[in-house]
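Here the structure comes first, spelled out in structure tokens, and everything after it is commentary.
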Amino acid sequence: MSSHADPHAHAADHPRTHGHWNPHTHVVVSARTLTSVLVILLVFTFLTVGAAKAEQFVMYTIGFPLPGWVNVAVALSIAVVKAVLVAMFFMQLKYDNPMNSLVMIFCLMALASFLGFTMLDLGQRNSIYPFKSEYIVPGGTGIKGDGPIATLARQKAIQDGTYDPEHAAHAHKFIPPGQDDGPGSSAQRSRPLKGLTLPELGAAPPAKHAEHSEHGKPEPAPAGGH
Amino acid sequence: MSTLHADHAPSGGTYADRYVAAAHFRDRDHEFESVKMGVWLFLSTEILLFAGMFVGYAILRMLHPEAFIAGSGKLSTFWGLLNTVVLLISSWTVAMAVRSAQLGKQGALQFHLIVTNLCATAFVVIKLVFEYYPKWQEGKLPGKWFSYPYAVDPSEPLWWGIYFGSTAIHATHVIIGMGLLTWLLIRARKGHFGPHHYTAVEGVGLYWHIVDMVWIFLFPLLYLIH
């Protein structure tokens, strides 16, 4: 059967809703459907920004400590809904050969297994380090010098006279109001999640820290609510 | 039922009307569906390419949550949001371009292809001029090129590696897409696409949607951390 023989097959301007995919019937998704999907996608885009702002408001203005996964969970849930809409209507998987959906689903299963096994590994690090630590060699930074790249960048700016302590105190967003006087993360001191940071990136000796304070650099505020 | 060379080549009409499938396909629909599945298989490799970056993102964010919060705070949500809106609109126009080709509306097809390409250009311009260039100037660069002196976390160079790595590969896909859209426009102006033959429009459209879909995930994961 030639598609040419059936001129109406291509102009079916209404999407099928159930099964019976037929390679000779090319579904033309209606402009109304496509535009509705675009509007929903835009609404969800503003929703994900709004949700992030709301989380910040709850954490820093109200002072309620949201757990760290809320940020990721909300952002990814909205992104998954948007991606499904794009795949179903813009990419027409809803009306398409089911085999194409299968290709996509297998691919996403591969992605899930990558992420899953990575998370398993990361989650077990604390039980591995005690007997593996003697074999672990810290990697280099790729540049000459002693210390983290961020610290060297600061030292270089201080030497060059381009370092502005005022800027250092005001350069960062997300400083919770009322918390910017306490000690927090700095280029000399990191607060890793579970003690995973290598010694080179961890706490610096107090003497080195004092040396930087002489240059009049105010203590940076905590960068987050953790 | 299907026979080899079921298509007849009409003498009149446009290129799309006269189009005959390659000899190893039963008919044009067989060719169309085969090409489409080939595109889907290619798209699955694209997803796996970005999957590697998402896994890298997950590892580094779990290891250095504060660096990601500090780094994300230095991105402009405004430009990220604008780029998301631009890309979503371009996804809609490319879906409309496929629809126009299916219905044989040559003017609408060319119009939607042009608007899609303009959106792609806007995306790249915003990315380079308002995001990459200022960060480059301030030394917010990946790894050993990092020279920004006001880092609040020693692992910020890692964050900039993830940011520039993922967005640059995504932007490369957008630029490749611009080339493909230009190719489609040239062919559309020659009357190559119509209800009986729009395989290339469909394939590039699918590619463009997957680029959009990757950005749907990159935007919240990069810009909305707090």
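Derivation of every value follows stated rules applied to the coordinates shown; laboratory data play no part. Here the structure is a predicted model, which is why all the values come from computation and not from measurement. Here Cβ is always computed from backbone atoms with ideal geometry, including for glycine, and neighbour counts include all displayed protein chains.
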>> At 25 °C and a viscosity of 0.890 mPa s, what translational diffusion coefficient does Stokes-Einstein give for the range B:1-133, taking Rh as the Kirkwood radius over Cα pairs? Give it in µm²/s as a whole number.
In response: 129
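Given R₀ = 22 Å, what would the calculated FRET efficiency be for A:Ile128 paired with A:Leu76, taking r from the Cβ atoms and rounding to 0.05?
0.20
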>> Just to be sure I understand: with springs between alpha-carbon atoms less than 10 Å apart, which residue in B:Met178, B:Met62, B:Met96 has the highest mean-square fluctuation in the Gaussian network model of chain B?
In response: B:Met62
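If you take each beta carbon of peptide A:54-61 and count the beta carbons of other chains within 10 angstrom, what is the mean?
Counting other chains' Cβ atoms within 10 Å and averaging over A:54-61 gives 1.
If Lys and Arg each add +1 and Asp and Glu each add -1, what is the summed charge of the other residues whose beta carbon sits under 12 Å from the beta carbon of B:Gly38?
Details: positive: B:Lys36; negative: B:Glu31, B:Glu33, B:Glu202.
Value of the local net charge: -2.
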>> In the range A:3-129, if the dipole is taken from +1 on Lys/Arg beta carbons and -1 on Asp/Glu beta carbons about the Cα centre, which of A:Asn126, A:Asn22, A:Val81 is farthest to the positive end?
In response: A:Asn126
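Which links in A:Lys94/B:Lys36; A:Lys132/A:Lys156; A:Lys156/B:Lys74; A:Lys82/B:Lys135; A:Lys144/B:Lys127; B:Lys74/B:Lys127 stretch past 26 Å when you go from one Cα to the other? Don't jump to the answer; show the numbers that get you there.
Numbers: A:Lys94/B:Lys36 15 Å; A:Lys132/A:Lys156 36 Å; A:Lys156/B:Lys74 21 Å; A:Lys82/B:Lys135 29 Å; A:Lys144/B:Lys127 31 Å; B:Lys74/B:Lys127 15 Å.
Check vs 26 Å cut-off fails for A:Lys132/A:Lys156; A:Lys82/B:Lys135; A:Lys144/B:Lys127.
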>> Starting from the 7 Å offset along Cα-to-Cβ, what nm value, one decimal, do you get for the label separation of B:Val55 and B:Val129?
In response: 3.9
>> Just to check I understand the Karplus step: with θ = phi - 60° and J = 6.51 cos²θ - 1.76 cosθ + 1.60, what whole-Hz values come out for the range B:216-223, glycine and proline as x?
In response: 4, 8, 5, 4, x, 5, 9, 9
> For the range B:25-223, what's the radius of gyration and Dmax over Cα atoms, in angstrom?
Replying inline: 19.3, 65
> Any idea what log10 I(q)/I(0) is at q = 0.27, 0.29, 0.31, 0.32 Å⁻¹ for the range A:115-155, Debye with uniform C-alpha scatterers and no solvent?
Replying inline: -0.85, -0.91, -0.97, -1.01
> Within the range A:40-149, which trypsin sites (Lys or Arg not before Pro) sit in a loop by DSSP and count at most 13 neighbouring Cβ atoms inside 10 Å?
Replying inline: A:Lys144
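Compute the Cα gyration tensor for the range A:3-129, then decide on rounded, prolate or oblate, letting a ≥ b ≥ c be the square roots of its eigenvalues: rounded whenever a/c is under 1.5, prolate when a/b is larger than b/c in the other cases, and oblate in all that remain. If you can, show how the numbers build up before the last one.
Details: a/c = 5.91, a/b = 1.74, b/c = 3.40.
Oblate, since a/c reaches 1.5 and b/c is not below a/b.
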>> Quick check: convex hull of the Cα atoms in the range B:107-172, volume per residue, rounded to a whole Å³?
In response: 79
>> At 0.692 mPa s and 37 °C, plugging the Kirkwood radius over alpha-carbon pairs of the range A:31-91 into Stokes-Einstein gives what diffusion coefficient in µm²/s?
In response: 258
> Which FRET efficiency, nearest 0.05, do A:Lys156 and A:Ser36 yield, Cβ-Cβ r, R0 51 Å?
Replying inline: 0.40
> In a shell of Cβ-Cβ distance under 12 Å around B:Val214, excluding B:Val214 itself, what net charge do Lys and Arg (+1) and Asp and Glu (-1) give?
Replying inline: -1
